Amino acid sequence: MKQVQNDSQSICLIEVKCTKYLNFFVKSLGIGALTEGELMLVLDGKAVSDSVRESLIPRIQGFFTNRGRAPHLTVVVVGDDKASHVYVRNKKIACEKIGMESTIHALPLTSTQKQLTQLLEKLNADDSVDAILVQFPLPAHLSSDEVLKTVSPEKDADGLTFSSLGYFYAGKPIVSPCTPAGVMTILKHYDLAIAGLNAVVVGRSNIVGKPMANLLTDANATVTLCHSRTKNLSDITRAADLVVVAAGKPLLLGREDFKQGAIVIDVGMHGSGLGGKLCGDVRFDELEGWAKAATPVPGGVGPMTITTLLQNTCLLAEKRAGLQPS
Ligand code: NAD
């Protein structure tokens, strides 16, 4: 009897030790099995964004010393869409706050494709312009594809023109698309190791999902890309260590769709979730005590998108000037 008790006690002890070591091992890989009562790490995109913006200031000053002017972002907006004009103004303010120059070219709704192309070609050739961004969506009579063909990759602040994406997918990015690059900055800021993780990206748009999957692949994650025709989405997300959700569907996924200890990044942005509150694609409130780390909405991925635009502008300016990005 004593012998049996001793055996079962020692088996228990071995189990406890194994679980402890396994948890330590799993955690050191960045794949967190949460221990009971452990708090979820809230990934504060605003704080990361503030620290990145601060880090840009000496680079901007260095550029100024070298070139006698600040890095310069030009934003082109066509038509009267109020939201577009607010976004464009916010970008200009963000530039000016950290000492970069920004100009806005507001074209009337009646502008033709030819006029828009001519302006972009002029800006491509203008040595005082380091980066160009065309605010989308364009009015219906204008082609965004034409814009994406025209803006020079050396001045493409968004990293979304066809040439820029060619360099990006070939593993030689000039700059990376802003939103997915912002997600990578957040993960890096919090020292969340990505190599070897099973990552799932939900959404396959050219601006978020596909480049996100590419950046995670380049960071040595094993990536599954899901979309609106994916079957059994929840089964796939539940198996992932890291899930980036960019489906554009308010509150689509919640606790039961993630495995315990997963890292959850919510790119979604919706003006009217429950009770008319700003929300994302993930039911963030359900993740406490379950996810290892997650981004809230607002205050997660959103602030990093515009900050990455500033970073891209600075980088393009430095590259054109032959300065070593610091
Ligand atoms: P999109 O509509 O172009 O693409 C959505 C993608 O999600 C599509 O590929 C679609 O196949 C997939 N999808 C839709 N429903 C799905 C479902 N039920 N299951 C699985 N996949 C599904 O959108 P987008 O431009 O990639 O943006 C996605 C979201 O991210 C939106 O909410 C947008 O507002 C937000 N966004 C936020 C930022 C930011 O700075 N925070 C930047 C860009 C986009």
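The values are calculated or read from the model by the stated rules, or taken from the named source; none is laboratory data. In this text, all values refer to a predicted model and were calculated from it rather than measured experimentally. No Cβ is skipped: glycine too gets one built from the backbone with ideal geometry, and neighbour counts run over all protein chains shown.
Residues that are at pLDDT 95 or above, surrounded by fewer than 24 Cβ atoms within 10 Å (Cβ to Cβ) and in contact with a Lys or Arg (Cβ under 7 Å, 6 or more places away or on another chain): find the strands (runs of 3 or more DSSP E) completely inside the range 212-326 holding 1 or more of those. Walk me through how you get there before you give the answer.
Details: elements: 222-226, 242-245, 263-266.
The qualifying strands (runs of 3 or more DSSP E) are 222-226.
Residue check: is Pro153 surrounded by fewer than 21 Cβ atoms within 10 Å (Cβ to Cβ), touching a Phe, Trp or Tyr at 6+ places or on another chain (Cβ under 8 Å) and under 30 Å from Val134 (Cβ atoms)?
Details: surrounded by fewer than 21 Cβ atoms within 10 Å (Cβ to Cβ): yes; touching a Phe, Trp or Tyr at 6+ places or on another chain (Cβ under 8 Å): yes; under 30 Å from Val134 (Cβ atoms): yes.
So Pro153 fits the description; yes.
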| helices (runs of 4 or more DSSP H) contained in the range 1-100 and holding at least 3 residues loosely packed, with under 14 Cβ neighbours inside 10 Å and at pLDDT 95 or above | 45-67, 82-97
| Taking interchain pairs and intrachain pairs at least six residues apart, which have beta carbon atoms under 8 angstrom, with the first residue in the range 215-239 and closer than 17 Å to Glu256 by Cβ and the second among the polar types (S, T, N, Q) and modelled with pLDDT of 95 or more? | Cys226/Thr237; Ile236/Thr224; Ile236/Thr230; Ala239/Asn198
| message | Just checking, does the range 133-143 include any residue being within 13 Å of Thr161 (Cβ to Cβ) and buried (at least 20 other Cβ atoms within 10 Å of the Cβ)? | response | yes
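Being of a type outside the set (S, T, N, Q) and within 11 Å of the ligand (Cβ to nearest atom) is the filter here; which residues of the range 229-250 pass it?
Step one: list which residues in the range 229-250 are of a type outside the set (S, T, N, Q), which gives 229, 231, 233, 235-236, 238-250.
Residues satisfying the conditions are Arg229, Lys231, Leu233, Ile236, Val244, Val245, Ala246, Ala247, Gly248, Lys249, Pro250.
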| note | So, first residue touching a residue at least 12 places away in the same chain (Cβ under 8 Å) and at negative phi in the range 303-314, second residue outside any helix (DSSP H, G or I) and β-branched (Val, Ile, Thr), Cβ within less than 7 Å, six or more apart or across chains; the pairs are Leu310/Ile98; Asn312/Val175
| field | the range 251-268, residues that are among the aliphatic types (A, V, I, L, M), more than 9 Å from the ligand (Cβ to nearest atom) and under 19 Å from Tyr190 (Cα atoms) | value | Ala262, Ile263, Val264, Ile265
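Here is a yes/no grid of residues against (1) near the ligand (Cβ under 10 Å from one of its atoms); (2) in contact with a helix residue (DSSP H, G or I) (Cβ under 6 Å, 6 or more places away or on another chain); (3) outside the structural domain of Leu253 (by TED's automatic domain parsing):
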position	(1), (2), (3)
His270	yes, no, no
Lys277	no, no, no
Arg283	no, no, no
Trp290	no, yes, no
Val297	yes, no, no
Gln311	no, no, yes
